[in-house]
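Data first, discussion second: the structure below is written as structure tokens.
What follows draws every value from the coordinates through simple rules; no lab data is involved. Not measured: the values here are computed from a predicted model. Here the Cβ positions follow ideal geometry from the backbone for every residue, glycine too, while neighbour counts run over all protein chains shown.
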Amino acid sequence: MPIICRLFQLPAGPASNLQANASSLPDTISSSGNRSDVYRYWHAIEYLLTQHSPASPSAQWLKLGTTVSAQSGEIPAARLVPPNQVAELDRLLQGIEPEQLIPHYDAAALDAAAVYPRTWVEWEQTFDPLGQVLEHYSFLQYAARNATKAGDSLLLFFEELAEGAI
């Protein structure tokens, strides 16, 4: 079952509540209406961004903010990214078109770097993983842009996707 990353846009109230009370994470997720998804390509997006912009702290977007849950096995901890860091991420992402990440993609290098899910070379036999990464990168751009315009936080939430679920 793939581990996916969902992006929830949180206004100040719900974000403050979650920051103060991490046990409210399930309620925050169920009541959040503004959601995007980078599916199982979250780690590859970060890898390509850090290859493209190694000096930018925002390129390591999976480490922004603070944790609001514990890591569980291979499932990363949920992270709450405050509006100022979302704006920094947005500035970085808006300056990098998806096509600019193509030169940094090498399936064997991603596998060697243990980029989740560590099946990049295998995937190239059956579909276009780079195309999927670039499409989902554009979803991240969109989520960061919307949250920045609203002055909201982003919640990065990771979960296993059940077989057959989309």
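Overview of values
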item	result
The stretch 50-109 shape via C-alpha gyration tensor axes, a/c threshold 1.5	oblate
Percentage relative contact order, the stretch 1-53, counting C-alpha pairs under 8 Å, at least six apart	52 percent
Shape metrics for the stretch 28-166, restricted to C-alpha atoms - Rg then Dmax, Å	14.8, 42
Net charge of neighbours whose Cβ lies under 11 Å from the Cβ of S32, counting Lys and Arg as +1 and Asp and Glu as -1	0
Relative contact order [Cα under 8 Å, 6+ residues apart], the stretch 33-166, whole percent	35 percent
Charge context of W120, other residues only, Cβ under 12 angstrom, K/R +1, D/E -1	-3
Longest segment of the chain lacking GluC sites (Glu not before Pro) that sit in a DSSP loop with at most 13 other Cβ atoms within 10 Å	1-73
Fewest-first sequence of T50, T28, T126 by Cβ atoms within 10 Å of each Cβ	T126, T50, T28
